[in-house]
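For reference, the structure is listed below as structure tokens.
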Amino acid sequence: MTDYGIMLRRFIDFTGSKLYAVADEIGYDVSYVSKWCNKDLLPAPKTAATVNKILVCFFATSIRQDGRENEFFTAFPGCESGHTVEQHICTLLTKAYEASAHTKTTSASSKIELLTHRNQMLSSLQEFARHRLTAGGEVFCSIDLLTLLKSRDFTVLDQLAGDMELHFHAALNMERFQKDPMKNLGLLYGFLTRYPTFYLTLYDGSGLEGEGMIAAKNGGALMAALSPKGELDALLVLEPGENANQLYKTVMARLKECPLLLSPATPESMNNNGYRTDFYSRDQYKFFSPYGFEFLLPESICSKLIQAGEADAPNPALSKFIRRLFITWEEVFEKSHIDFYLLKSSVLRYLESGDLLFADIMYQMSPSERLEHLENVKKQVMHNPEIRFIVLDDDTFSPSFAPTFSVYINPQKLFLKNPAAYQTKKGPLFYTVQNETLLQAASQYLDSTLSHSSCKVYDSKSLEELENRYGGMLYRMLTL
């Protein structure tokens with residue numbers, strides 16, 4: 001425990017204060033204040049003076065209200081003549097902080113280097129990404145992710161987001177995001193779709209703009225000074241060691257105090273907390289499917305999907321979930337307003353291969369099953385005119401952009417599914433979104449595609465026309 005932690009704990013005990021009350025007063029999470037008291041964590045240098053000023057007022061007020069001034073000076077001797085309670089508390093906290101900060105600086109074993117030359121800074125970023133990270137490791141970054149994605153200097157993300165499993169915790173400045181939500185959402189989705197093996201957790205980092213910290217667990221740390229354009233002005237490099245580990249703890253604590261925006265999820269966690277069940281309790285949906293088409297399947301496929309899911313071992317829980325999901329979707333498709341967004345290439349690929357991902361099960365539909373699926377699609381659409389298909393011609397997309405994540409939206413919830421993770425066993429299977437602004441932006445983003453020249457909208461009437469025009473050829477192709 002540091003001198004500062006000992007002194008802070010003495011003041012808390014003397015005044016009979018609760019730890020959570022102290023945390024509320026200074027605006028920090030109680031776990032963070034607990035680490036000041038019980039471990040070697042200190043308030044950040046640039047915020048220490050403000051924290052101490054608030055603590056002085058808090059403790060002095062408590063002492064005066066209880067009429068314990070004399071008792072205080074006895075318990076905390078050494079007060080200079082004429083100093084008030086406030087002045088003595090301030091002196092004690094300041095000296096304890098300076099002693100702790102000095103001890104931590106002199107005892108730190110990690111090398112610290114300040115870089116200002118552009119080539120040196122870029123080389124150091126690449127070195128950090130290549131050699132200091134281990135598979136399954138974690139990186140915490142307080143720099144706004146949009147800044148990283150737009151900056152020419154932070155190609156470090158390309159090295160970070162390689163093939164190995166890496167958990168990246170980053171800040172996203174929602175105030176900046178809302179200035180151009182359509183463009184910024186495209187950047188985020190593009191980042192995820194380029195690196196489907198990357199585990200990304202996003203926090204609302206509004207207010208963290210000036211901190212510029214990136215730290216890897218047991219792998220070194222960086223502090224970056226950025227220009228208004230997001231380019232590097234200076235870079236402080238901390239080699240692996242005590243200093244770097246302390247910065248890692250600091251940036252981790254700072255991010256985890258912020259509201260959560262997006263996080264990886266497993267099928268079990270989504271099922272256990274009722275996320276999936278609640279998702280299908282609405283009456284409006286938008287689905288974007290870049291892989292196969294898992295919806296509007298005929299009832300006869302249900303048992304075959306369960307068999308595929310239980311190929312390795314019987315799973316009663318899975319069987320129950322799949323049957324319940326079939327019943328739920330049947331009710332949803334019968335009366336809800338649903339827009340299915342599809343890529344032309346994925347439609348053609350599904351018709352040719354029959355590959356789809358239903359819930360958490362990879363399955364290949366036989367030609368006869370695909371025909372039955374098409375018949376069921378036609379039946380359901382004719383029964384519910386509120387179903388539409390929006391087909392996007394991805395031949396018009398940038399060659400470098402190949403969407404991979406499926407998107408599921410209703411007015412209250414949004415989640416992403418990663419078919420590539422089921423195929424390769426790498427990367428997060430799902431992402432859940434815990435922010436209404438991101439949800440609304442995603443919904444509007446899909447709506448905006450309706451005005452694109454590459455987009456064709458098909459409802460019950462136009463589907464009937466399509467069947468009359470191309471149905472015979474399609475049925476011959478699937479029956480060959």
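The values are calculated or read from the model by the stated rules, or taken from the named source; none is laboratory data. From a predicted model like this one, the values you see are computed outputs, not experimental measurements. Quick reminder, even Gly has a Cβ in these numbers, built from the backbone with ideal geometry, and neighbours come from all protein chains shown. These accessible areas exclude ligands, DNA and RNA; they are computed on the full protein's heavy atoms, side chains included. Shrake-Rupley method; radii C 1.70, N 1.55, O 1.52, S 1.80 Å.
Out of the DSSP beta bridges found with both residues in region 315-446, what percent are antiparallel (nearest 5)?
Restricted to region 315-446, the bridges split so that about 65 percent are antiparallel.
Only residues of region 241-281 count here: report those whose backbone N is under 20 Å from the spot 7 Å along Cα→Cβ of Ile112, or say none. Residues 241-254 qualify, since their backbone N sits under 20 Å from the label point. Taking label points 7 Å from Cα along the Cα-to-Cβ direction, Glu331 and Phe397 give a separation of 3.4 nm. Compared with the dominant Cα axis of the chain, that is its longest principal axis, helix 316-335 is turned about 70°. In this structure, Arg176 and Ile6 have a Cβ-Cβ separation that, at R0 = 45 Å, corresponds to a calculated FRET efficiency of about 0.65. Site pair Glu310 and Ala99 shows an inter-label distance of 6.8 nm when each label is modelled 7 Å from Cα along Cα→Cβ. Annotation for region 295-353: GluC sites (Glu not before Pro) lying in DSSP loop with at most 11 further Cβ atoms inside 10 Å of their Cβ are Glu299. With the convex hull of the Cα atoms taken as the outline of the chain, the averaged projected area works out to 28.5 nm². Averaging 1/r over every pair of different alpha carbons in region 151-306 and inverting the result gives a Kirkwood radius of 18.8 Å. Expressed as a fraction of 2.2 N^0.38 Å, the value expected for a compact globular protein of N residues, the C-alpha radius of gyration of region 228-284 is 1.91.
Between helix 118-131 and the chain there is an angle of about 70 degrees, using the helix long axis and the longest principal axis of the Cα atoms. The simple spin-label model puts a point 7 Å past each Cα toward its Cβ; for Asp29 and Asp283 those points are separated by 4.0 nm. Length gained on full extension, Ser227 to Glu386, computed as 0.36 nm times the residue gap minus the Cα-Cα distance: 52.2 nm.
Note on Glu86 and Lys344: the extension gain reaches 85.8 nm, defined as 0.36 nm multiplied by sequence separation minus the Cα-Cα distance. Within the chain, DSSP assigns beta bridges of which about 60% are antiparallel (rounded to the nearest 5).
What Kirkwood Rh does region 353-459 have if only Cα atoms enter the pairwise 1/r average? Answer in Å.
Working: mean 1/r = 0.0611 Å⁻¹.
One over the average 1/r among Cα pairs gives 16.4 Å for region 353-459.
Annotation: Ser368 carries an accessible surface of approximately 80 Å², with a 1.4 Å probe and no ligand, DNA or RNA atoms counted. Taking the C-alpha atoms only, the angle from helix 3-15 to the longest principal axis of the chain is near 90 degrees.
A Förster distance of 60 Å, applied to the separation of the beta-carbon atoms of Glu465 and Gln120, puts the FRET efficiency at 0.40.
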